Amino acid sequence: MLLDSLYTIDELKTEGQSISANLTVDPNHDIFKGHFPSQPVLPGVCLIEMLKDIIKKALGKPYLMTEASNIKYLMMLDPQQNVGLRFEIKAEESEGKLKVVATSFLENNEINFKFKGTFD
């Protein structure tokens, strides 16, 4: 589990179908020693794990991603430059599924990740 080891959720707000979360990444985590030693970056799969953990914490139950219709990695998170991330999420229950549209931002407000998909 990466929550509370690679990153922490520092602030979480839920209002209707909107969820916002501020996270801090541990720049000394072992994951950065292998990805990549000379130029550490946060692996893209970790952003999906963060999204799943935020949804679980905000909505109070675990979800499994069943469809990712659009995933875009736009800017790398370099732990030597940025340790903060902000997620803005729209999560709508429909026909027993959770439809999610999410964007994450670096500390300088640049978009680094976009997601559209479904969780069960």
With the checklist (1) under 19 Å from Glu11 (Cα atoms); (2) in contact (Cβ under 8 Å) with a residue 60 or more places away in the chain; (3) among the acidic types (Asp, Glu) in hand, flag the one item Glu49 doesn't pass.
(2)
Out of (1) part of a loop (DSSP other than H, G, I, E, B); (2) under 19 Å from Asn112 (Cβ atoms); (3) free of Cβ contacts under 8 Å to residues at least 40 places away in the same chain, the odd one out for Pro40 is which?
(3)
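Does any residue of region 49-60 turn out to be part of a strand (DSSP E or B), modelled with pLDDT of 95 or more and either closer than 25 Å to Lys116 by Cβ or of a type in the set (S, T, N, Q) (or both)?
Within region 49-60, none of the residues are part of a strand (DSSP E or B), modelled with pLDDT of 95 or more and either closer than 25 Å to Lys116 by Cβ or of a type in the set (S, T, N, Q) (or both).
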For region 51-70, give me the residue count where each residue is among the hydrophobic types (A, V, I, L, M, F, W, C) and farther than 15 Å from Ser18 by Cβ.
3
Single residue of Leu2, Leu12 found to be out of contact with any Cys (no Cβ under 9 Å at 6 or more places or on another chain) and either touching a residue at least 40 places away in the same chain (Cβ under 8 Å) or not small (Gly, Ala, Ser) (or both)
Leu12
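Can you tell me which residue among Thr66, Thr118 is loosely packed, with under 14 Cβ neighbours inside 10 Å and of a type in the set (Val, Ile, Thr)?
Thr66
Let's see how each residue does on (1) surrounded by fewer than 16 Cβ atoms within 10 Å (Cβ to Cβ); (2) within 18 Å of Ala102 (Cα to Cα):
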position: Met1; (1), (2): yes, no
position: Ser5; (1), (2): yes, no
position: Lys13; (1), (2): yes, yes
position: Gly16; (1), (2): yes, yes
position: Leu23; (1), (2): no, yes
position: Gly34; (1), (2): yes, no
position: Met50; (1), (2): no, yes
Give region 1-30 a look and list any residue that's out of contact with any strand residue (DSSP E or B) (no Cβ under 7 Å at 6 or more places or on another chain) and either in a loop (DSSP other than H, G, I, E, B) or modelled with pLDDT under 95 (or both), or say none.
Met1, Leu2, Asp4, Ser5, Gly16, Pro27, Asn28, His29, Asp30
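The values are calculated or read from the model by the stated rules, or taken from the named source; none is laboratory data. All figures in this text were calculated on a predicted structure; none of them were measured in a lab. Every residue, glycine as well, gets a Cβ built from its backbone with ideal geometry; the counts of neighbours run over all protein chains shown.
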